[in-house]
1. Give just the number: which of (1) outside any helix (DSSP H, G or I); (2) touching a strand residue (DSSP E or B) at 6+ places or on another chain (Cβ under 9 Å) does L99 not satisfy?
2. Only one residue in P138, P207, P212 is without any contact (Cβ under 8 Å) to a residue 24 or more places away in the chain and under 19 Å from the mean Cα position of the chain (by Cα), so which one is that?
3. Considering only residues that are without any contact (Cβ under 8 Å) to a residue 24 or more places away in the chain and of a type in the set (S, T, Y), which ones fall in segment 151-191?
4. Determine whether V60 is over 18 Å from the mean Cα position of the chain (by Cα) and aliphatic (A, V, I, L, M).
Amino acid sequence: MKVLALETATPASSVAVGEDGKLGAMSLHVDRRGHVSFLVPALDFVFSRLGWDPGETDVVAVDLGPGPFTGLRAGIATAQAVAAAVGARLVGVDSLSVLALRAATGRRRIWPVVDMRRGQIATRPFRPLPGGVAPDGPIELMAPEEFRATLECEPTDTLVVGDWSVLPEGFWSGLHRVRRGRPRYPSADVILEIASLKAANDEFLRPEELHPRYLREPDVAINWQRFRAEGVWP
């Protein structure tokens, strides 16, 4: 089974292709606003690297978030377009699971972090299992102080991965049972691995079921009524 994986939920966009869960080729580019311009050249590169025709693709997998609006929209639209063009089936994954699966720990509870901007992060806990991880709570949008309070209440040793560098100075002071680790960003090679397992279990989605996990309104959304009530205009 040949899989194409797309990752655009964070500043690190990546595209990977592989067969039966094994990575064949990948392209990676870090640019907060460069998702759209990266995708098409990256697709050309990974297919040409292996000498595959895009029409051979059986499954297209894409990160549905959480993550900022623009990146998710670019990845999902590309996944839908490629799948429709070549007749491939679709798989959706979430960015926090991708981060947690790659985290290097055998015993610590894992809290992956995605920077949602506006002073907020997305996170959820995972527990490590032999050969993988399992979600251990809901996906939540938190301010740094809320996340710190959550970590302070953790009864076990904890590993924070993802873009934890966005957390404010002094955040880690006193959190003696908390460690920081890699990866910083989710990547398409891990999506490829997850997608192969989902495909084997027939966990496919229809194009209209690829719903992005924004967790809030896009940054461009403006509540005009509230602004007028506050007297922005006379």
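Derivation of every value follows stated rules applied to the coordinates shown; laboratory data play no part. Bear in mind that the values here come from a model prediction, so they are computed numbers and not experimental data. As a convention, Cβ positions derive from the backbone with ideal geometry for all residues, glycine included, and neighbour counts pool all protein chains shown.
1. In the conditions (1) outside any helix (DSSP H, G or I); (2) touching a strand residue (DSSP E or B) at 6+ places or on another chain (Cβ under 9 Å), L99 misses (1) alone.
2. Details: P207 fails: without any contact (Cβ under 8 Å) to a residue 24 or more places away in the chain; P212 fails: without any contact (Cβ under 8 Å) to a residue 24 or more places away in the chain.
None of the other options fit; the residue is P138.
3. Passing the criteria: S165, S173.
4. Values: over 18 Å from the mean Cα position of the chain (by Cα): no; aliphatic (A, V, I, L, M): yes.
Answer is no for this residue.
Per-residue answers, yes or no, for (1) closer than 20 Å to R213 by Cβ; (2) of a type in the set (S, T, N, Q); (3) surrounded by 23 or more Cβ atoms within 10 Å (Cβ to Cβ):
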| site | (1), (2), (3) |
| --- | --- |
| A5 | yes, no, yes |
| T8 | yes, yes, yes |
| A25 | no, no, no |
| F38 | no, no, no |
| P54 | no, no, no |
| A61 | yes, no, yes |
| G65 | yes, no, yes |
